[in-house]
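Report on the structure given below.
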Amino acid sequence: MQEGEETSLQSLSGGIPLQELLAAAKEAGLDLPKERERPLGKILLAGILGALRGFSERGLSPFLPTHKHLFAEIVSDLTDAYPILSQESDEKMILQAACDFGIKKVYHLEWKLYSSHDLF
């Protein structure tokens, strides 16, 4: 892995503790050290980092039983999108898009589980 690639993932972390990333990767069925070596793996980790940031921004615990499934869902969705994502040459842009996707998934989950019930 090139130095710039590692920096890209680190810059996306937003201060998320490594232990949280390890736990979330495990929930998603990923082996963190192996995934860091694969192009798809870096995209998946960026999506998981985004989800962890989203949970942090919303003040939610990422490891509640009603939340944990989201990590596997992000991995599945990004894996399905990989053939399209892999055609893009700007890796930083791809990783940022995957991170943003993870954040949006958490916001949607928060709306579905909590905010929508408050309104209705």
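The values are calculated or read from the model by the stated rules, or taken from the named source; none is laboratory data. Just so you know, these numbers come straight off a predicted model, no measurement behind them. Note: ideal-geometry Cβ built from the backbone for every residue, glycine included; neighbour counts use all protein chains shown. Surface areas here come from the heavy atoms of the whole protein model, side chains and all, with no ligands, DNA or RNA. Shrake-Rupley method; radii C 1.70, N 1.55, O 1.52, S 1.80 Å.
Think of the stretch 4-120 as a dipole: +1 on every Lys or Arg Cβ, -1 on every Asp or Glu Cβ, centred on the Cα centre; then among Leu18, Leu64, Thr79, Leu64 lies furthest on the positive end. Heavy-atom accessible surface of the chain, averaged per residue, reaches 57 Å², computed with a 1.4 Å probe. Each Lys and Arg adds +1 at its Cβ and each Asp and Glu adds -1 at its Cβ; summed about the Cα centre, the stretch 19-115 shows a dipole of about 220 debye.
Sorted by accessible area (1.4 Å probe), largest first, how do Ile74, Ile16, Ile84 line up? Show your work: numbers first, answer last.
Working: Ile74 0, Ile16 25, Ile84 125 Å².
Per-residue accessible area, sorted high to low, gives Ile84, Ile16, Ile74.
Within a Cβ distance under 11 Å of His69, other residues only, what is the Lys/Arg minus Asp/Glu net charge? Computed value for this residue: 0.
Highest mean first, how do 17-23, 97-103 rank when packing is the count of other Cβ atoms within 10 Å averaged over residues?
Working: 17-23: 13.3, 97-103: 22.0.
The peptides rank, most packed first, as 97-103, 17-23.
Rounded to the nearest 10 degrees, the angle from helix 69-85 to the longest Cα principal axis of the chain is 40 degrees.
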